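The structure appears below as C-alpha cells.
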Amino acid sequence: MSESHSPVIFHRGMKSAARPIWHEAMLGLDWLSLRTSPVFYGLGVPRGDGSAVIVVPGFLGTDHYLWEMNLWLRRIGYNAYMSKIGWNADCLETTVRRLSQTIEKAAQETGGKVHLIGHSLGGVLSRAAAVRQPEKVASVISLGSPFRGVASHPLVLATAERVRERINLKN
C-alpha cells in the first residue's frame with residue numbers, strides 16, 4: 001500500500017466514561033493559575049532549538065483552543081504550527097491526511113523533522129501520522145490520549161453524533 005493510502009487503525013469500541021462532566025467547570029481557575037505562573041512567560045524554561053512543532057486538537061476541537069500553547073511554544077523558541085485539520089470530528093482518515101499536509105509544510109519550511117503534540121484524539125491522530133511519515137516526524141507527545149479505546153461522557157458522545165450529522169449534511 002502506498003503511504004498516502006495506508007489505512008488508519010483505531011479502536012472501534014466506544015463506551016461512556018464514569019467521570020462526572022462537572023469537572024470541566026474548573027476552566028476559569030486553571031486559566032488564572034496558568035497566567036500567574038512564570039513558566040507561562042517562558043521564565044526558567046529551557047529554550048527551544050527552532051525546530052517545528054505542530055499542536056493537534058482533541059475530539060470536537062479546533063486549533064483555536066490550542067492557540068495559547070502555540071504562542072507559548074513560540075515564546076520559548078520553537079517554530080510552532082497549528083494543525084489545520086479543521087473540526088476534529090470528521091472522518092479519521094481525512095483528518096490524518098490533513099495533518100500530514102501540515103507536517104509536509106512544516107518539514108519543508110524548517111528543513112528538519114517535526115515534533116507533534118496532540119491533545120486527546122489529537123494524540124492518536126499524531127501517532128497515526130507519524131507512522132505514515134517517520135522520516136518527517138521527530139517525536140509525538142500525547143496529552144490525555146485514549147490509546148486503549150475511546151471512553152467519553154454520554155453527553156460528549158451525543159454531541160459528537162450531532163456534529164457528524166451536520167458535517168455529513170454539508171457534504
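Given the options GLY111, GLY122, GLY144, name the one that is of a type outside the set (Ser, Thr, Tyr) and touching a Gly at 6+ places or on another chain (Cβ under 6 Å). So the residue among GLY111, GLY122, GLY144 that is of a type outside the set (Ser, Thr, Tyr) and touching a Gly at 6+ places or on another chain (Cβ under 6 Å) is GLY122. Selection within the range 4-30: residues that are loosely packed, with under 11 Cβ neighbours inside 10 Å and over 21 Å from PHE59 (Cβ atoms). The member of this set that is modelled with the highest pLDDT is LEU29. Here LEU155 clears all of (1) open to solvent by 70 Å² or more (accessible area, probe 1.4 Å); (2) touching a strand residue (DSSP E or B) at 6+ places or on another chain (Cβ under 9 Å); (3) closer than 30 Å to LEU169 by Cα except the condition numbered (2).
Here is a yes/no grid of residues against (1) touching a Pro at 6+ places or on another chain (Cβ under 8 Å); (2) under 24 Å from TRP22 (Cβ atoms); (3) assigned to a helix (DSSP H, G or I):
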{"residue": "GLY61", "(1), (2), (3)": "no, yes, no"}
{"residue": "LYS84", "(1), (2), (3)": "no, no, no"}
{"residue": "LEU125", "(1), (2), (3)": "no, no, yes"}
{"residue": "PRO134", "(1), (2), (3)": "no, no, no"}
{"residue": "ARG162", "(1), (2), (3)": "no, yes, yes"}
{"residue": "ILE167", "(1), (2), (3)": "no, no, yes"}
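Filtered by the rule that a residue be among the aliphatic types (A, V, I, L, M) and open to solvent by 40 Å² or more (accessible area, probe 1.4 Å), the range 50-85 gives MET69, LEU71.
Residues in the range 43-64 that are more than 23 Å from ALA106 (Cα to Cα) and without any contact (Cβ under 8 Å) to a residue 60 or more places away in the chain: LEU43, GLY44, VAL45. Restricting attention to the range 31-49, the residues that are on the phi < 0 side of the Ramachandran plot, open to solvent by less than 70 Å² (accessible area, probe 1.4 Å) and part of a loop (DSSP other than H, G, I, E, B) total 3. Scanning the range 108-123 for residues that are in contact with a Pro (Cβ under 9 Å, 6 or more places away or on another chain) and surrounded by fewer than 22 Cβ atoms within 10 Å (Cβ to Cβ) yields a count of 1. Selection of the range 97-129 for residues being free of Cβ contacts under 8 Å to residues at least 40 places away in the same chain and within 15 Å of SER51 (Cβ to Cβ) yields LYS105, GLN108, GLY111.
The values are calculated or read from the model by the stated rules, or taken from the named source; none is laboratory data. Since this is a predicted model, take the numbers as computed values, not measurements. So basically every Cβ, Gly included, is an ideal-geometry build from the backbone, and we count neighbours across all protein chains shown. Note: areas computed on protein heavy atoms with side chains; ligands, DNA, RNA excluded. Shrake-Rupley method; radii C 1.70, N 1.55, O 1.52, S 1.80 Å.
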